[in-house]
Amino acid sequence: MVHERQIRLLAVDDHPVFREGLSFVIGGQPDMVVVAQASNAIEAVSEFRRHKPDVTLMDVRLPVESGIDALATILSDFPQARVVMLSSFGCDAEIQRALKLGAVAYVLKSMPQKEILTAIRAAYVGRSHIPPDVAARLTEHLGKTDPTPRQLEVLDLVRNGLRNKEIAARLGISEATVNYHIKILGEKLDAKDKAHAVAIALRRGFLSP
């Protein structure tokens, strides 16, 4: 039985197998239909403009431009667009950026299918949907300031094996300033040492893998 008014969906993911699996799951729901698919950010924006779906399922990690870039472009032209972000990783920085830009939900691909379906139905009626474990990750760091671009630049050089003196020379700053940045990074990330700070920054999405 087909519902009188189905939720029209755009599925965006660079993995064809995942897109097909998602379309199969959604195809089994009487109140949903996939009207278009896209494999990258440019296609996503183009297909959105063509079909104007009720809800868009957008993978965070896409080739060249990210799903978050596509989200920003879509929302700049269509502020009422309802976009559910999908990710294989629960990187805090990505989650926060997507939600600040206006994503209505953020779901991990590892979650049960019903979680994605719940997020779609919530988005359709204009409600946000953040699963408990994703919300827990966000509240864990609530009130703490994120590292600045300069601090992350320092940390990236630490990751590449440079000593503080070499980092100072590379960035044109004093070694004392480098030491200060590393100290503040330790406080912001609750890190025991430099290696720990790099590991936390990678896990939380502040540094690219």
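Note the full-extension length gain between residue 42 and residue 125 as 0.36 nm times their separation in residues minus their Cα-Cα distance, in nm to one decimal.
27.2 nm
Could you pull out every one of the aspartates and glutamates with an alpha carbon less than 12 Å from that of residue 194, ignoring same-chain neighbours closer than 8 positions?
Result set, ordered by chain and number: 156.
Can you give the FRET efficiency for residue 29 and residue 203, using 1/(1 + (r/R0)^6), R0 = 35 Å, r = Cβ-Cβ distance, to the nearest 0.05?
0.55
How big is the dipole moment of region 7-140 about its Cα centre under a simple scheme where the beta carbon of each Lys and Arg is +1, that of each Asp and Glu is -1, and everything else is neutral? Debye, nearest 20, please.
360
If the cut-off is a Cα-Cα distance under 29 Å, which lysines reach residue 188, setting aside same-chain residues fewer than 8 apart in sequence?
100, 109, 144, 165
Return the sequence-ordered ³J(HN,Hα) values of region 36-49 in whole Hz as given by the Karplus equation 6.51 cos²θ - 1.76 cosθ + 1.60 applied to θ = phi - 60°, using x for Gly and Pro.
Result, ordered by residue: 7, 10, 8, 10, 8, 5, 5, 4, 4, 5, 5, 5, 5, 4 Hz.
Put +1 on the Cβ of each Lys and Arg and -1 on the Cβ of each Asp and Glu in the chain; which of 136, 118, 70 then has its Cα farthest toward the positive end of the dipole?
Value computed over the given set: 136.
How large is the dipole of region 149-203 about the Cα centre if only Lys and Arg carry +1 and Asp and Glu carry -1, each at its Cβ, rounded to the nearest 20 debye?
Computed charge dipole of region 149-203: roughly 60 debye.
Just subtract the alpha-carbon distance of residue 52 and residue 101 from 0.36 nm times their residue separation and send over the number in nm, one decimal.
This chain segment gains 15.8 nm when fully extended.
In the chain, if the dipole is taken from +1 on Lys/Arg beta carbons and -1 on Asp/Glu beta carbons about the Cα centre, which of 21, 79, 91 is farthest to the positive end?
Among 21, 79, 91, the one farthest towards the positive end of the dipole of the chain is 91.
Every number here is computed from the coordinates shown, using simple stated rules; none is lab data. Please read all numbers here as calculations on a predicted model, not as lab measurements. Virtual Cβ from ideal backbone geometry, glycine too; neighbours counted across all protein chains shown.
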